[in-house]
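Shown next, in structure tokens, is the structure this report addresses.
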Amino acid sequence: MNYILLSDIQEILPQQKPFVMVDSLLHFDMTKTVTRFEVKSDCLFVSDGRLSSSGVIENIAQTCAARIGYINKYILKKEIAAGMIGAVKDLEIFRFPRVGDTVTTEVEVKEEVFGIVLVVARAYIAETLIAEGEMKMITKDE
């Protein structure tokens with residue numbers, strides 16, 4: 001895996017604190033992006049010491065946003081574009097991460113056309129798969 005360590009992940013994300021659900025970008029290529037996120041107690045999506053389903057979904061969406069942000073900033077030399085979740089399909093969450101867990105999330109592009117990206121997403125704690133499904137992201141080009 002090609003490791004990419006950005007000193008500030010917010011260089012490529014449109015989200016602002018406290019809504020940032022990705023700590024670092026580990027890998028990028030045009031079809032696969034991998035991020036890391038440590039679940040902290042002050043996370044907006046933590047309840048009873050666990051990351052909620054909304055938090056898992058947002059982490060996946062922000063992994064997609066990191067991909068799009070990396071492309072815009074470092075490849076296309078454009079501003080970071082805002083986006084939104086268009087659809088979530090066949091999402092299964094096998095385990096909800098606890099405070100202190102580090103989640104590694106990967107998204108793999110299945111299809112991309114006219115600012116709409118369909119990805120297969122998988123999230124892990126260590127080697128254990130905790131969630132998988134598909135997400136459609138829609139990017140608003142500024």
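The values are calculated or read from the model by the stated rules, or taken from the named source; none is laboratory data. It should be emphasised that the depicted structure is a prediction, and the values quoted were computed from it without experimental measurement. As a convention, Cβ positions derive from the backbone with ideal geometry for all residues, glycine included, and neighbour counts pool all protein chains shown. Note: accessible area is taken over every heavy atom of the protein model, side chains too, but ligands, DNA and RNA are not part of it. Shrake-Rupley method; radii C 1.70, N 1.55, O 1.52, S 1.80 Å.
Could you work out the relative contact order of region 35-142? I mean the mean sequence separation of Cα pairs under 8 Å and 6+ apart, divided by the number of residues, in percent.
Relative contact order, region 35-142: 31 percent.
Please compute the contact order of region 1-97 in relative form: average sequence separation of alpha-carbon pairs under 8 Å and at least six residues apart, divided by the residue count, as a percent.
Computed over region 1-97, the figure is 28 percent.
Could you rank the peptides 124-137, 50-63 by their average count of other C-beta atoms within 10 Å per residue, with the highest value first?
Those peptides, ordered most packed to least, come out 50-63, 124-137.
If the cut-off is a Cα-Cα distance under 16 Å, which aspartates and glutamates reach K17, setting aside same-chain residues fewer than 8 apart in sequence?
Within the straight-line cut-off, K17 pairs with D8, E38, D42, E58.
Provide the convex hull volume over Cα atoms per residue for region 22-142, in Å³.
99 Å³
Could you tell me the extents of region 26-84's C-alpha atoms along the three principal axes, largest first, rounded to whole Å?
Largest to smallest, the principal-axis extents are 42, 21, 16 Å.
With +1 on each Lys and Arg Cβ and -1 on each Asp and Glu Cβ, how big is the dipole of the chain about its Cα centre, in debye rounded to the nearest 20?
Magnitude of the dipole: close to 120 debye.
7 Å from Cα along Cα→Cβ at both S47 and K17: what's the point-to-point distance in nm?
Taking the simple label geometry, S47 and K17 are separated by 2.6 nm.
For helix 53-70, report the angle its Cα long axis makes with the longest principal axis of the Cα atoms of the chain; keep it between 0 and 90° and round to the nearest 10°.
That works out to roughly 30 degrees.
From the helices alone, meaning DSSP H stretches of at least four residues, give me the mean residue ellipticity at 222 nm for the chain, per-run term -39500 (n - 2.57), in deg cm²/dmol to the nearest 500.
Roughly -4500 deg cm²/dmol at 222 nm, from the helical runs in the chain.
Please name whichever of T33, V119, I9 sits farthest to the positive end of the charge dipole of the chain, dipole taken about the Cα centre and charges placed at Cβ: Lys and Arg +1, Asp and Glu -1.
Ranked along the dipole, the leading option is I9.
Over the chain, average the accessible area per residue using a 1.4 Å probe and give it in Å², no decimals.
On a per-residue basis, 54 Å².
Sorted by accessible area with a 1.4 angstrom probe, largest first, how do F94, F114, F19 fall?
Highest to lowest solvent-accessible surface, that is F114, F94, F19.
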